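Worksheet for the structure shown next.
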Amino acid sequence: MKRFIKKILIPVDGSDTSKKALEMGLAMAEAAGASITVLEVIEEFGPLPGYYEAAPAGANRVQWVAEQRFEKIHTPLDNTSVPWERKVEEGYAAETICKVAEEGQFDLIMIGSRGLGVLGRFLVGSVSDRVVHHAPCSVTVVR
């Protein structure tokens with residue numbers, strides 16, 4: 001039987017829905033014998049008010065925010081047998097997710113339905129909605 005899902009991309013931002021997407025992606029990867037890549041996209045415009053604080057002076061902003069996000073979601077990865085890797089990119093979330101999915105030839109993107117608060121969604125739109133419409137592969141949106 002041919003395996004249809006070999007590589008799953010799971011964008012995370014520290015939100016509850018991205019953690020649920022990670023958990024569901026891990027379960028699907030285990031069942032399918034697939035690997036996952038956990039992707040953190042650090043926005044070029046910096047953190048939105050109330051979302052993440054600014055990085056301390058002298059710190060690498062991208063790495064600092066990525067570590068804050070990863071700290072919130074890494075627990076399901078601690079005890080999994082699923083092969084996984086972590087990738088950190090800087091850019092606009094939806095565009096970067098689609099670019100990474102295409103370049104990495106992923107079979108599936110597993111993404112949370114909402115990451116940002118109401119203000120962030122109003123300002124930049126829904127990342128998951130943009131990914132659904134522009135991704136080069138199948139997308140599962142987790143509520």
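Across the stretch 56-85, the qualifying residues are those that are of a type in the set (D, E, K, R) and in a helix (DSSP H, G or I), and the one among them that is surrounded by the most Cβ atoms within 10 Å (Cβ to Cβ) is Arg69. Would it be correct to say that Thr37 is in a loop (DSSP other than H, G, I, E, B), modelled with pLDDT of 85 or more and among the β-branched types (Val, Ile, Thr)? No, not satisfied. Could you check the stretch 62-85 and list, in sequence order, the residues that are in contact with a Pro (Cβ under 9 Å, 6 or more places away or on another chain) and either more than 14 Å from Asp13 (Cβ to Cβ) or free of Cβ contacts under 8 Å to residues at least 12 places away in the same chain (or both)? The answer is Trp64, and nothing else.
Within the stretch 1-19, restricting attention to residues that are under 11 Å from the mean Cα position of the chain (by Cα) and in a helix (DSSP H, G or I), which residue is farthest from Trp64 (Cα to Cα)? If we take residues in the stretch 1-19 being under 11 Å from the mean Cα position of the chain (by Cα) and in a helix (DSSP H, G or I), then Thr17 is farthest from Trp64 (Cα to Cα). For the stretch 86-105, the set of residues classified as free of Cβ contacts under 8 Å to residues at least 12 places away in the same chain and buried (at least 16 other Cβ atoms within 10 Å of the Cβ) consists of Lys99 only.
The values are calculated or read from the model by the stated rules, or taken from the named source; none is laboratory data. Predicted, not measured: the structure shown is a model, and the values here were computed from it. Cβ: placed from backbone, ideal geometry, glycine included. Neighbour counts: every protein chain shown.
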